[in-house]
Amino acid sequence: MANSTAAPADASHDGNRRDFLFLATGAGLAVGVGAVAWPFVSSMAPDAEVIAAGAPIEVDLSPIQDGQIVNVFWRGKLIFVRKLTAKEVGDMRAVPLPEMIDPAAFGTRVKDGHDQWLVVYGNCTHLGCVPIGHQGNFEGWACPCHGSQFDAVGRVRHGPAPINLPIPPYAFQSDTKIRIGEPAGGKGEA
Ligand code: FES
């Protein structure tokens, strides 16, 4: 079993919507919920063999509450896993495509039958900074570096970022578990 830790990733919003750091490894998710400082992050990264192999990681979704964003790492890359609220799902479905910089319908951002779950890479598509969750004007993220804003399903809505936050390969293993790194058509894939 892997090491585990968790830390608020954004203290700027209320406790019910805190972001947590979750750490996952190839064997399964190691989740903790508590107050662990960011400096622990680098020392808790997946081991080199896991990264080198690019092994899939499993993420247990069951502890994640509506509106929460958790951070996981796969192949050394930061990934946001977000549980959308019902309001966010409705709002994101209703956004007209012409209003977007990189138009993408809601259905292309989530898996069929799993509208509440968003999984995206966690680095800004401008120059790679880490956007801050629950910031900005679009219920999503705001990048602290040059002001890009992303909506609740990671679509860029205000530049200079040119494209949406990319979606890594992943598949649902069950309603409460995803596997990141699962090739398309893998178990549980729609
Ligand atoms: S790196 Fe995010 S706006 Fe420039």
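The values are calculated or read from the model by the stated rules, or taken from the named source; none is laboratory data. Remember, predicted model here, so these are calculated numbers, not experimental data. Please note: Cβ atoms are built from the backbone with ideal geometry, for glycine as well, and neighbour counts cover all protein chains shown.
At-a-glance table
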{"item": "Any chance VAL130 is under 22 Å from ARG93 (Cα atoms), within 15 Å of the chain's Cα centre (by Cα), part of a loop (DSSP other than H, G, I, E, B) and of a type in the set (A, V, I, L, M)", "result": "no"}
{"item": "Any hit, segment 167-175, residues being crowded, with 16+ Cβ neighbours inside 10 Å, of a type in the set (Ser, Thr, Tyr) and modelled with pLDDT of 95 or more", "result": "yes"}
{"item": "Test for PRO98: is it out of contact with any Asp or Glu (no Cβ under 7 Å at 6 or more places or on another chain) and assigned to a loop (DSSP other than H, G, I, E, B)", "result": "no"}
{"item": "Pick from segment 107-163, criterion surrounded by 15 or more Cβ atoms within 10 Å (Cβ to Cβ) and among the charged types (D, E, K, R), ranking: nearest to the ligand (Cβ to nearest atom)", "result": "ARG157"}
